[in-house]
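Notes follow once the structure below has been shown.
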């Protein structure tokens, strides 16, 4: 039989489809499986280390009222693993936290008064009591170590005049003016938790987060001039508040982004994480501040090829910090006076990609959430010496699923720089075969992939592996986890070296891993959506189809519509727009839209403030006006920068799969019919109700 190359490809596709039908009968991971995955978070460890509190989030089903996942809080006794519900059925509490003595648990709850307050209940169960009398919703709180007071954050209340004006139709929007600050308050109560008095500690500034010292005499607070997300990113500084006098002074001189901060046990030092400088696009360094002499020391290892994102204390002499290093994070100790770090837990050795821990004094008990390539997340305990112990199993159904193998890969980019990523092989992969390829590009770009569970509703890698695709997740240049220099490659160079790395990754997989050069797709959200637009236009010859989620298409208009303009200026553009007009234009997908030969699905939230919905419309319009035959725009009402409600997540998942199957796997012609617009038959809706 004499087959032409294209006929041979069609035959191979047919054979793969038949093979996959057999695999599906063995239980590959499906879209419905993905949409039903639970997750755990919000872990709190009791002061004695005997119990934990945690939440489990369960996605809403397709027939439920639209909304985010439902969360339930649980309490576990670590000794025997017994689990009980934390809250009574009539209490929809959140943000639980043990009191300093561990006898009670504080939490946020709004009763019939509809204002969220701090409440408390005995750890063993019993009567719930309100602790605060805030005039507006409490957003977060911390117990004072003294046990008879707590501090909380709440917005400046809306005045009666403002309410009346709004009721009369005069509730106008004054853009970035007339903002309500989040203020810091402290409430005092007696030994029986009866409220005594409340003091407001801040005014005229916005407080984002705070921590008590161990003596209960001072608070460190992350404060910015205005209540704008951009100010939180770029202008947040640490202030020290004396609770007795009320005096407040700025104590950190960090430029740019600020991470967490925490007092030493003695209260003489404050450790914090922050960016290296104003142009560093992510928290990357660990510092220690002497509160008596105001000295600041950077304890980050010299020429560190990673990012330090969290810090705490072991004791007054040593700091504990969490570092992202490639695809494997680590926990480290470093002396407060400086010196060589000691790695105490390496996720590459443990096989568990762990989160930042909760732990007891003396490191006798650690608690983490942890993930693996085949497990999206559970809770683990660790005694500081032996192996991590898995203490929950919230998605037991996964044991019956056949997943694609996940491997770490490295390749040399065109300039010789080594780039790292994670490759999922298709279920049933055979070396020497040829397979369609999907590249999922992370956002930020100040982010990176770890070697853990990677499948989400917008990047469903294991679903695609089950359908016969190679799936690539890349840590391209400008990603975190490889050092500040690696991360700052994208400064003043959008869609340059960073996206060239992705193109080089595609060529590498074609050469060495069996990717079919004629069947390549790409998808991503936010900055990954920018990459999708770039490959649909400038790099159109590399990909048959892209899915652009909340993505950037016009750098010029993006800079004028985003809610983080200073963050964009300092850590991405590096110069004002007036100095980059032409470069910004030429690095915009709309500039190259006329040459696109790539099927382009564009989607995103209709209420996105980070990447304005007009970015999607601009690329759609430029393609349509250039007679592009395969472009579609879908927008989700009420959604922002990513879909929170299950309805939009369901649609994104199935719509993306349809688009990629149609143009990448099945090689449907660009000038033919597009995939079905109405895909509601796939949602799982019960039409009888």
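A short reminder: the numbers here are calculations on the coordinates, not readings from a lab. Model, not experiment: these values are computed from the prediction. Ideal geometry is used to build each Cβ from the backbone, glycine not excepted, and the neighbour counts take in all protein chains shown.
Please compute the Cα-Cα pair-distance distribution of the chain with 10 Å bins starting at 0, giving whole percents from short to long.
3, 13, 23, 27, 20, 10, 3, 0, 0, 0
Whole angstrom only: what separates the Cα centroid of the stretch 267-321 from the Cα centroid of the stretch 652-671?
47 Å
Quick check: from the Cα gyration tensor, does the stretch 525-643 come out rounded (a/c under 1.5), prolate or oblate?
oblate
Which order, highest average first, do 246-257, 453-464 follow once you tally other Cβ atoms within 10 Å for each residue and take the mean per peptide?
Order by mean packing, descending: 453-464, 246-257.
For the stretch 141-176 and the stretch 376-407, what is the separation of their Cα centres, given in Å?
When both Cα centres are located, 42 Å separates them.
Can you pull the semi-axes for the stretch 626-689, root of five times each eigenvalue of the Cα gyration tensor, sorted largest first, whole Å? Don't skip to the answer; put the middle values down first.
Numbers: eigenvalues 117, 51, 22 Å².
Taking √(5λ) for each eigenvalue gives 24, 16, 11 Å, largest first.
If each residue's Cβ is checked for other Cβ atoms within 10 Å, how do 347, 71, 284 rank with the fewest at the top?
On the way: 347 24, 71 15, 284 29.
Result, fewest neighbours first: 71, 347, 284.
Which value in Å does the Kirkwood hydrodynamic radius of the stretch 195-255 take, with 1/r averaged over all unlike C-alpha pairs and then inverted?
Radius from the Kirkwood sum: 12.3 Å.
Please report the equivalent ellipsoid semi-axes of the stretch 454-544, computed as sqrt(5 x eigenvalue) of the Cα gyration tensor, largest first, in whole Å.
After diagonalising the Cα gyration tensor, the semi-axes are 22, 15, 13 Å.
Arrange the peptides 265-274, 236-245 so that the one whose residues have, on average, the most other Cβ atoms within 10 Å appears first.
Values: 265-274: 20.1, 236-245: 17.2.
Ranking, from highest mean packing down: 265-274, 236-245.
Given all pairs of different Cα atoms, what value in angstroms does the Kirkwood hydrodynamic radius of the stretch 402-682 take?
About 18.6 Å for the stretch 402-682.
Roughly what % of DSSP beta bridges within the chain run antiparallel, to the nearest 5?
80 percent
Over the stretch 472-593, with a single point scatterer placed on each C-alpha, what log10 of the ratio I(q)/I(0) does the Debye formula yield at q = 0.18 1/Å?
So the normalised log intensities work out to -0.97.
Please report, in whole Å³, the volume per residue of the convex hull around the C-alpha atoms of the stretch 271-359. Mind dumping the intermediate values first?
Working: hull volume 9.4 nm³, N = 89.
Spread over its residues, the Cα hull of the stretch 271-359 gives 105 Å³ apiece.
May I ask for the equivalent-ellipsoid semi-axes of the stretch 249-407, computed as the square root of five times each C-alpha gyration tensor eigenvalue and listed largest first in whole Å?
In descending order, the three semi-axes are 32, 18, 13 Å.
Restricting to the stretch 402-682, what percent of DSSP beta bridges are antiparallel, rounded to 5? Show your work: numbers first, answer last.
Values: 13 of 39 bridges.
Taking every DSSP beta bridge within the stretch 402-682, about 35 percent pair in antiparallel fashion.
Please figure out what share of the DSSP beta bridges in the stretch 517-652 is antiparallel and state it in percent, rounded to the nearest 5.
Looking only at bridges with both residues in the stretch 517-652, the antiparallel portion is about 5 percent.
Taking the Kirkwood radius as the inverse of the mean 1/r across Cα pairs, report the Rg/Rh of the stretch 59-151.
Over the Cα atoms of the stretch 59-151, Rg/Rh equals 1.01.
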